[in-house]
């Protein structure tokens, strides 16, 4: 019963955080803080009912570890502080795999969940980037310009990489003594070549979104609490005092940056983990 309550709190809390993130680009500290307090209350309750310190110790260990991991990502500018705290709150709430989960996990729940956050988050970020591109024509123009500037790279690298894959396939077929006709060699060379250039074009596209769609030059009077300055190394919005200081500085314009509202990945990854288990096994089982 406590596991069910913990999961409901994790899903509800992360969903509220996701909606708030979509609307304001920030996750208020009160949401993950409340989740952590409830997690500790439930862990103490479970320890008392079971007559064991293990539930409390597991909650503290998992939550503390992922709080440190989340803030490491925050320190290096990969996540916002709110994202780090939501990740830790879910680890505090669910330090072990709940018994009602549909699939058995190979790794401890917080580890599997974190990896699923990365998988689900990557897919979500790609969709998000395409939405930004649809609403910002400058992104598409920058992407096309960047690809055209790389035309020489494409022209010379396509035959070179194709020949490399062809050589590898021919060598592997001979080493393993497989029957490899020309169709087999061509297919197994063109497939990885196509995959390579799909990833390359996707990288170019995401870079165009990041450089154009996520950076804005705005008049200083429009600056507000929570905006992230372009020169900021961490994803931390400016405070009211910083807004007043910038407005008094005499600057007319300031550059700010936005990012993917990543909070949505947390409830989606929870649902994914509930029904499909480990993301990597799901890929191996259904997509490969």
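Every read-out reported here was derived from the displayed coordinates using simple, explicitly stated rules and does not represent laboratory data. It should be emphasised that the depicted structure is a prediction, and the values quoted were computed from it without experimental measurement. Counting neighbours? That spans all protein chains shown, and the Cβs are built from the backbone with ideal geometry, glycine included.
Under 12 Å from a label point 7 Å along Cα→Cβ of residue 22: give me every residue in the range 267-281 with its amide N that close.
267-268
Compute the FRET efficiency between residue 65 and residue 258 as 1/(1 + (r/R0)^6), taking r as their Cβ-Cβ distance and R0 = 22 Å, and round to the nearest 0.05. Each step should come with its number before you reach the end.
On the way: r = 30 Å, r/R0 = 1.36.
After rounding to 0.05, the efficiency reads 0.15.
Using a simple spin-label model with points 7 Å from Cα along the Cα→Cβ vector, what separation in nm is obtained for residue 161 and residue 175?
It works out to 2.2 nm between the two label points.
Classify the range 215-257: rounded, prolate or oblate, from the alpha-carbon gyration tensor (a ≥ b ≥ c, eigenvalue square roots; a/c under 1.5 rounded; otherwise prolate if a/b is larger than b/c)?
Values: a/c = 1.85, a/b = 1.22, b/c = 1.51.
Oblate, because a/c is 1.5 or more while a/b does not exceed b/c.
Can you tell me how the range 104-232 classifies by the Cα gyration tensor, rounded, prolate or oblate, using a/c under 1.5 as the rounded cut?
Numbers: a/c = 3.81, a/b = 1.62, b/c = 2.35.
Since a/c reaches 1.5 but b/c is at least a/b, the shape of the range 104-232 is classed as oblate.
Could you work out the equivalent-ellipsoid semi-axes for the chain, taking the square root of 5 times each eigenvalue of the Cα gyration tensor, largest first, in whole Å?
Sorted largest first and rounded, they come to 39, 33, 13 Å.
Suppose each label sits 7 Å from its Cα in the direction of the beta carbon; what would the residue 72-residue 122 distance come out to in nanometres?
Computed distance between label sites residue 72 and residue 122 equals 1.9 nm.
Tell me, in nm to one decimal, what length is gained between residue 182 and residue 202 on full extension, where the rule is 0.36 nm per residue of separation less the Cα-Cα distance?
Numbers: separation 20, 0.36 × 20 = 7.20 nm, distance 3.01 nm.
This chain segment gains 4.2 nm when fully extended.
Pop the C-beta distance of residue 44 and residue 280 into the FRET formula with R0 = 41 Å and round what comes out to the nearest 0.05. Can you show the working numbers first?
On the way: r = 34 Å, r/R0 = 0.84.
Given R0 = 41 Å and the Cβ-Cβ separation, E is 0.75.
Starting from the Cα of residue 146, step 7 Å along the direction of its Cβ; do the same at residue 271; then give the gap between the two resulting points in nm.
Result: 3.0 nm between the two label points.
Post the alpha-carbon centroid distance, the range 4-28 to the range 48-106, in whole angstrom.
15
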